[in-house]
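The values are calculated or read from the model by the stated rules, or taken from the named source; none is laboratory data. Because the structure is a prediction, the values reported are computed rather than measured. Here the Cβ positions follow ideal geometry from the backbone for every residue, glycine too, while neighbour counts run over all protein chains shown. What goes into the accessible areas is simple: the full protein's heavy atoms, side chains included, and nothing from ligands, DNA or RNA. Shrake-Rupley method; radii C 1.70, N 1.55, O 1.52, S 1.80 Å.
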Amino acid sequence: MKNILVTGGAGFIGSAFVRHMVASYPDYNIICFDKLTYAGNIDNLLPVSDEENYRFERGDVADRSAVSRVLREYRIDTVVNFAAESHVDRSILAPDAFIHTDVVGVYILLDEGRKHGIERFCQVSTDEVYGDIEDGLSLEDDRFLPNSPYAASKAGGELMVRAYHATYGMDTVITRGSNTYGPYQYPEKLVPFFTTEAIDDRPLPLYGDGEQIRDWLYVDDHARGVDRILHYGATGEAYNLAGENQRNNIEVTTRILKLLGKPDSLIRHVPDREGHDRRYAMSAEKARALGWRRQFDFETGLEATVRWYQENEWWWRKIKTGEYLDYYKQQYAERLASVE
Ligand code: NAD
Ligand code: TYD
């Protein structure tokens, strides 16, 4: 392993992975390939922009000629694919881009990767492919029951990875991370959205009864997990990266408010997300057997995250303009108005 293509490396988790890999492996060349959609942000890569072993190329994973060119020019031997449309609510409003990137994009990366003889392909996936689990923990061999267009698109991408392994003998691994939070997360997902809204004393639209459960994983733990599976995962296998920090949304929200010294009266129970999964929870055993273990518990990770948003307004204030405001209006204006 020497020349690693990190697709989607300008996003939230991909950029944490790039920063981690550039610092940890001076002998590897890390090439970030990203379309810079609304969620991609070159600011996320400022900490590594001057490093010798880092390069950035702008492009679309579903663009065959662009993918072929970077694979050839940089003599890529390893692909780690973070590129995705990643927000469930946006997938409900407009699924098209999800099929383009999370299904077709994965196929193009696999197909061009195979032609260029890459040695390993790592697909970054999600616990959402298992769908809702009422109790117990999802295991890697459980069946897929995705419920949102986002989850279904990620499941489709994974199945293509499986097929390229089974059919063409490609060396592949898959990671399935749980809900991730931390610095540099686009402020549409629960933790950064509520944190930045609460800083400005704005209402927090909690879907339904707020009792939905997610398993929260700190972003640096997720990045180290992908590193572990990339290096030590068995070919053709999938590995859960579980935070083992199950919390319901009310607990997460009230903890954010407490850390900011803001009142619970900012919470608004708004009409629920369509097809909303009640609970995700996975077993971490298989990844643990490879030597990965999360280091951050939820309390420590959330405190660090909230502090980061308090101290880095330069990063998020300029995001919460333009396209973001259009999306906010579409997603929340009616919901909030209905409970005022
Ligand atoms: P993100 O939305 O912050 O970043 C996605 C990145 O992909 C952006 O930089 C974007 O510009 C890029 N991108 C989108 N379409 C592209 C295309 N067609 N070609 C090239 N680049 C493109 O997402 P994230 O939260 O960092 O998630 C990264 C990966 O991890 C995704 O595959 C997601 O499914 C998975 N995941 C996320 C979570 C989570 O809680 N955020 C949990 C588990 C798994
Ligand atoms: P999110 O961060 O969108 O992640 P995911 O849908 O991938 O789990 O949402 C986390 C939980 O928070 C989920 O149960 C939906 C809920 N949520 C709200 O209640 N209000 C919101 O405005 C958002 C964005 C999420």
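Can you report the number of residues in segment 8-36 which are within 12 Å of the chain's Cα centre (by Cα), over 18 Å from Asp50 (Cα atoms) and not in a helix (DSSP H, G or I)? Residues in segment 8-36 being within 12 Å of the chain's Cα centre (by Cα), over 18 Å from Asp50 (Cα atoms) and not in a helix (DSSP H, G or I): 2 in total.
Taking the condition under 21 Å from Glu85 (Cβ atoms), open to solvent by 40 Å² or more (accessible area, probe 1.4 Å) and modelled with pLDDT of 95 or more, does Leu159 pass? Taking the combined requirement at face value, the residue satisfies it. Just a yes or no: is a residue in segment 139-148 buried (at least 18 other Cβ atoms within 10 Å of the Cβ), among the hydrophobic types (A, V, I, L, M, F, W, C) and either at pLDDT 95 or above or more than 14 Å from the chain's Cα centre (by Cα) (or both)? Among the residues of segment 139-148, not one is buried (at least 18 other Cβ atoms within 10 Å of the Cβ), among the hydrophobic types (A, V, I, L, M, F, W, C) and either at pLDDT 95 or above or more than 14 Å from the chain's Cα centre (by Cα) (or both), which makes the answer no. Quick check on segment 266-285: of everything there that is away from ligand 2 (no atom under 16 Å from the Cβ) and either open to solvent by 60 Å² or more (accessible area, probe 1.4 Å) or of a type in the set (S, T, N, Q) (or both), which residue is farthest from Ala151 (Cα to Cα)? Only one residue tops the list, namely Glu285. The set of residues in segment 27-55 that are among the aromatic types (Phe, Trp, Tyr) and either within 28 Å of Val88 (Cβ to Cβ) or modelled with pLDDT under 95 (or both) comprises Phe33, Tyr38.
With respect to the conditions (1) without any contact (Cβ under 8 Å) to a residue 12 or more places away in the chain; (2) surrounded by 16 or more Cβ atoms within 10 Å (Cβ to Cβ); (3) not small (Gly, Ala, Ser), Pro263 lacks only one, and its number is (2).
Taking the condition open to solvent by 40 Å² or more (accessible area, probe 1.4 Å) and within 23 Å of Glu134 (Cβ to Cβ), does Arg247 pass? So Arg247 fits the description; yes. Of the helices (runs of 4 or more DSSP H) lying entirely inside segment 162-276, not one carries at least 3 residues that are of a type in the set (Phe, Trp, Tyr), under 19 Å from the mean Cα position of the chain (by Cα) and at negative phi. Within the set Asp220, Asp201, the sole residue that is open to solvent by 30 Å² or more (accessible area, probe 1.4 Å) and farther than 23 Å from Ala16 by Cα turns out to be Asp201. Filtered by the rule that a residue be open to solvent by 60 Å² or more (accessible area, probe 1.4 Å) and either over 19 Å from the mean Cα position of the chain (by Cα) or closer than 11 Å to Asp215 by Cβ (or both), segment 127-138 gives Glu134, Asp135, Leu137.
Among the residues here, Gly117 qualifies as surrounded by fewer than 22 Cβ atoms within 10 Å (Cβ to Cβ) and either in contact with a helix residue (DSSP H, G or I) (Cβ under 6 Å, 6 or more places away or on another chain) or over 12 Å from Ser153 (Cβ atoms) (or both). Residue check: Ala83 meets all listed conditions (1) within 15 Å of ligand 1 (Cβ to nearest atom); (2) touching a Leu at 6+ places or on another chain (Cβ under 6 Å) but one, namely (2). For segment 223-237, a residue qualifies if it is surrounded by fewer than 22 Cβ atoms within 10 Å (Cβ to Cβ) and either farther than 15 Å from Thr180 by Cβ or touching a helix residue (DSSP H, G or I) at 6+ places or on another chain (Cβ under 6 Å) (or both), and the qualifying residues are Arg228, Leu230, His231, Tyr232, Ala234, Thr235, Gly236, Glu237.
Meeting the requirement of 1 or more residues that are closer than 22 Å to Leu230 by Cα, the helices (runs of 4 or more DSSP H) wholly within segment 55-152 are 64-73, 106-115.
Scanning segment 323-340 for residues that are open to solvent by 50 Å² or more (accessible area, probe 1.4 Å) and under 17 Å from Ala39 (Cβ atoms) yields Glu323, Leu325, Asp326, Gln330. Could you say whether any residue in segment 197-216 is touching a strand residue (DSSP E or B) at 6+ places or on another chain (Cβ under 6 Å) and away from ligand 2 (no atom under 14 Å from the Cβ)? The answer is no, given that none of the residues of segment 197-216 is touching a strand residue (DSSP E or B) at 6+ places or on another chain (Cβ under 6 Å) and away from ligand 2 (no atom under 14 Å from the Cβ).
For segment 164-186, the criterion of being of a type in the set (Val, Ile, Thr) and surrounded by fewer than 20 Cβ atoms within 10 Å (Cβ to Cβ) is met by at least one residue. Restricting segment 296-322 to residues that are more than 18 Å from the chain's Cα centre (by Cα) and closer than 30 Å to Tyr239 by Cα leaves a set whose member that is surrounded by the most Cβ atoms within 10 Å (Cβ to Cβ) is Val306. Filtered by the rule that a residue be crowded, with 19+ Cβ neighbours inside 10 Å and of a type in the set (Lys, Arg), segment 13-71 gives Arg19, Lys35.
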